[in-house]
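Below is one structure, written out as structure tokens, with a few remarks after it.
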Amino acid sequence: ATTPVATSHLDTVQKAAVLRICTPGDYKPFSFQKTDASFEGIDVDLMTGFSASLGARPEWVKTTWANLLPDLAAGKCDIAVGGVSVTTDRQKRAFFSTPYMVNGKTPIARCADVAKYQSVAAIDQPSTRVIFNPGGSNERFARANFKQAELTLHGENVTIFDEILANRADVFVTEAAEAITQQKLKPGLCAVNPDKPLQYGEMAWMLPRDDVAFKSYVDQWLHLQQAGGDFQRTMDRWLK
Ligand SMILES: O=C(O)C(=O)C[C@]1(C(=O)O)C=C[C@@H](O)C=C1
């Protein structure tokens, strides 16, 4: 049974004039924590505008992929962002905004190996060292799809790409937007067919469950950003 939301986050955020935003901050181009501890990325820019629309300042609450949903559900933040995939598992315990991006699982590997990793079956060979980060949809995808390949769980999402470059791993299957971003940042690495992902996926912001007033506001704000062009300008700034 669900309990009705007594007070909407729509009201509490405006009253406090603070929007608490959970994010892992390890995922370019969506949300990335810099060495000075500040955050940058698509979701960070969008959250700046979104909190301003509520007369609130953004307050970033750093978490992990494994704790993102538990932290949101425990009320440690008002919204969870940073390149979050919509999954039916999460949907059972949280609301999602309207998806703002279609993404999908895309391999990234040393450029010389791109021809070898064109499909799940081609990757899933005993000779392939698949690397992945814990707690999110990447881990779920790797464990569900790779039964023969050698699997390495790597705790630090940000250093996975260097592991492949250093030839300590062969391939990472992640979201297309990350594969495209990292191939630009790391010469020698190539995204494998980012326009034809191995699995369809959508990205959205995760919201407290059952808070319909807050979700309606988030969706309408997003819709107006998209219709007015500001959303596309933000995407282009990070993805072009
Ligand atoms: O779990 C999710 O929602 C994600 O899309 C996050 C996720 C992942 O799947 O682990 C996606 C790409 C990044 O490499 C880090 C985290």
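The values are calculated or read from the model by the stated rules, or taken from the named source; none is laboratory data. Please read these numbers as outputs of a predicted model, since none were measured by experiment. Reconstructed Cβ throughout: ideal geometry from the backbone, glycine too, with neighbour counts over all protein chains shown.
Brief remarks follow.
- Criterion violated by Ala144 - all others in (1) part of a strand (DSSP E or B); (2) under 26 Å from Leu69 (Cα atoms); (3) among the small types (Gly, Ala, Ser) satisfied: (1)
- Some residue of segment 172-195 being surrounded by 14 or more Cβ atoms within 10 Å (Cβ to Cβ), at pLDDT 95 or above and touching an Asp or Glu at 6+ places or on another chain (Cβ under 7 Å): no
- Failed condition for Gly155, given (1) at pLDDT 95 or above; (2) outside any strand (DSSP E or B): (1)
- Selection of segment 170-215 for residues being under 16 Å from Val81 (Cβ atoms), touching a Leu at 6+ places or on another chain (Cβ under 7 Å) and more than 13 Å from the ligand (Cβ to nearest atom) yields Pro208, Phe214, Lys215.
- Identity of the residue in segment 121-138, assigned to a loop (DSSP other than H, G, I, E, B), in contact with a Leu (Cβ under 9 Å, 6 or more places away or on another chain) and more than 14 Å from Phe161 (Cβ to Cβ), that ends up nearest to the ligand (Cβ to nearest atom): Gly136
- Test: residue in segment 83-90 that is within 13 Å of the ligand (Cβ to nearest atom), among the aliphatic types (A, V, I, L, M) and in the same structural domain as Asp230 (by TED's automatic domain parsing): yes
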